[in-house]
Amino acid sequence: MSLDELKRLKKDLDKAIANYDDRRKAEARRDLEEKAREYGFSLSELADVKTTKRAALAPKYRNPSNPEQTWSGRGRQPTWFREAIEAGTEPDDLKI
């Protein structure tokens, strides 16, 4: 087989695997919904997952050269913050 034929075959195989997974998930969902109905519930009632959304944190630092760029101080340091610190700027100098 040529390289193009092998790539096409791999693409088709990946697609078939994804479709297989989707079918299995749908089958499992149908089975679970049926079982829930036997007990007088819906699946969504049994899987009542309450998601809580975290409030956005107020920005703690501001890029002096671009005031639109801010950072809360949590998570990965933005490039502008890291570069300012490496250039000798104190973190307190960047606080809002």
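Modelled this way, with points 7 Å down the Cα-to-C-beta line, the labels at Thr89 and Lys35 are 5.6 nm from one another.
Summarising the amide proton neighbourhood of Gln69: residues at separation of 5 or more, or on other chains, whose placed amide H is nearer than 5 Å comprise Asn63.
Subtracting the Cα-Cα distance of Ala28 and Lys7 from 0.36 nm times their residue separation leaves 4.4 nm of extension gain. In this structure Arg62 has an accessible area near 90 Å², from a 1.4 Å probe over the protein heavy atoms.
Here the chain exposes an accessible surface that is 50 percent carbon and sulfur, computed with a 1.4 Å probe and the other protein chains kept in place. The shape of the stretch 41-88 comes out prolate: with a ≥ b ≥ c from the C-alpha gyration tensor, a/c is at least 1.5 and a/b beats b/c. Over the stretch 8-96, the Kirkwood radius and the radius of gyration, each from Cα atoms, give a ratio Rg/Rh of 1.36.
How much length, in nm to one decimal, is gained on full extension between Thr79 and Asp48, taken as 0.36 nm per residue of separation minus their Cα-Cα distance?
So the chain would gain 7.1 nm between Thr79 and Asp48.
Note on the chain: with charges restricted to the Cβ of Lys and Arg (+1) and Asp and Glu (-1), its dipole about the Cα centre is near 100 debye. As a length-normalised measure over Cα pairs under 8 Å and 6 or more apart, the relative contact order of the chain settles at 17 percent. A 1.4 Å probe run over the protein chains yields, for the chain, 91 Å² of accessible area per residue, whole-number rounding.
The values are calculated or read from the model by the stated rules, or taken from the named source; none is laboratory data. Keep in mind the model is a prediction, meaning the values are calculated, not measured. As a convention, Cβ positions derive from the backbone with ideal geometry for all residues, glycine included, and neighbour counts pool all protein chains shown. Calculation scope for accessible area: heavy atoms of the full protein, side chains included, ligands and nucleic acids excluded. Shrake-Rupley method; radii C 1.70, N 1.55, O 1.52, S 1.80 Å.
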